[in-house]
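Only one structure is covered here, and it is reproduced in the block below.
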Amino acid sequence: MAEFFELVKNIAAKPSILKPQTHIFLLSHMRANTSLLGHILGEHDEINGYYEMHIGYYSWKSFLRQKSKYFAQHPKEVVKKNIFDKILHDGHGVTDYILKNSSSKFLISLRQPEITVRSTVAMFQKNLPNHEFTDPDVVTNYYINRADSLATYSEKLKSCYFYYDAEELIDNSNETLKRISEFLELNAPLKEKFSPKKLTGVGDGGDHTGNLMTGNIIKKTNKYDDIKLTENQINTLELKYSQVRKVLIKNSSSCR
């Protein structure tokens, strides 16, 4: 009930929230350069949003909830053609209603697993040392389960999403952003440079390395060699990555 009254209050304060928007979703996992892409998208003059809202999407009400929460944080922003969110956890579900909705557009991304697990463990050890994700076993299981979920989404979204390797956002920035721009049908290509935002580096999620504060794509990455994984963990992760990546590539294409 409290959330309902909050929604009503936010709409009363900014009635333009009710204006229809296309909802751009990035389905991925932690430490896959998703904060970087979010900031690049959020810099575009046709896109609101740049960070993870930490909500699930189940019906038209979820669309309205997303808009309400975002514009409550950014009340001076004009409502643009598109609004962005990223979904990195299975606890935030996306129903068939959202997957098949004409107001939705989907990007899916996967990063190579060993560096992803090492990076995730290192991030939590530094910022949230009591969190379960400081355990490589837990993060390995998270990656495997999340990869399976992305494969499931891709089967439901066949021919209606854009897939890219997360590394390509850094290693082949210009071409990757060009292709994403074309898929999203933006009025101008996405640019590599961006501005730090109100919530950049704030809260429990997102990128806390400080890289986003530079407004540039940082090409050099940390390998986190101090985080040790077992041979069995690495082999299990590599097999899952190979299997799921093939599915994601096979099912992806433009909806046009």
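For the reader, a short list of remarks on this structure follows.
- Test result for S242, part of a helix (DSSP H, G or I), free of Cβ contacts under 8 Å to residues at least 12 places away in the same chain and more than 25 Å from R146 (Cα to Cα): no
- So G42, is it surrounded by fewer than 16 Cβ atoms within 10 Å (Cβ to Cβ), modelled with pLDDT of 95 or more and of a type in the set (G, A, S): no
- Figure legend. Inter-residue proximity from segment 171-188: first residues under 19 Å from N48 (Cα atoms), second residues among the basic types (K, R), beta-carbon distance below 7 Å, spacing 6+ or different chains. Indicated pairs: L184/K105.
- Within segment 18-70, the set of residues being among the hydroxyl-bearing types (S, T, Y) and either touching a Pro at 6+ places or on another chain (Cβ under 8 Å) or under 28 Å from I115 (Cβ atoms) (or both) comprises S28, T34, S35, Y50, Y51.
- Within segment 224-256, the residues that satisfy the criterion of being among the hydroxyl-bearing types (S, T, Y), at pLDDT 95 or above and either surrounded by 13 or more Cβ atoms within 10 Å (Cβ to Cβ) or over 20 Å from S28 (Cβ atoms) (or both) are T230, T236, Y241.
The rows are residues; the columns are (1) crowded, with 18+ Cβ neighbours inside 10 Å; (2) closer than 28 Å to T95 by Cβ.
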| position | (1), (2) |
| --- | --- |
| N174 | no, no |
| I180 | yes, yes |
| E185 | no, yes |
| P189 | no, no |
| V202 | no, no |
| T209 | no, no |
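- Set T221, T236: member being in contact (Cβ under 8 Å) with a residue 40 or more places away in the chain, polar (S, T, N, Q) and either under 16 Å from A32 (Cα atoms) or in a loop (DSSP other than H, G, I, E, B) (or both): T221
- Within segment 155-193, tally of residues that are under 15 Å from the mean Cα position of the chain (by Cα) and either farther than 19 Å from S35 by Cβ or hydroxyl-bearing (S, T, Y) (or both): 3
- Of the helices (runs of 4 or more DSSP H) entirely within segment 67-163, those holding at least 1 residues that are touching a Lys or Arg at 6+ places or on another chain (Cβ under 9 Å) and at pLDDT below 95 occupy 113-127.
The values are calculated or read from the model by the stated rules, or taken from the named source; none is laboratory data. Keep in mind that this is a model prediction, so the values were computed, not measured. Cβ coordinates were reconstructed from backbone atoms using ideal geometry, including for glycine residues, and neighbour counts include every protein chain displayed.
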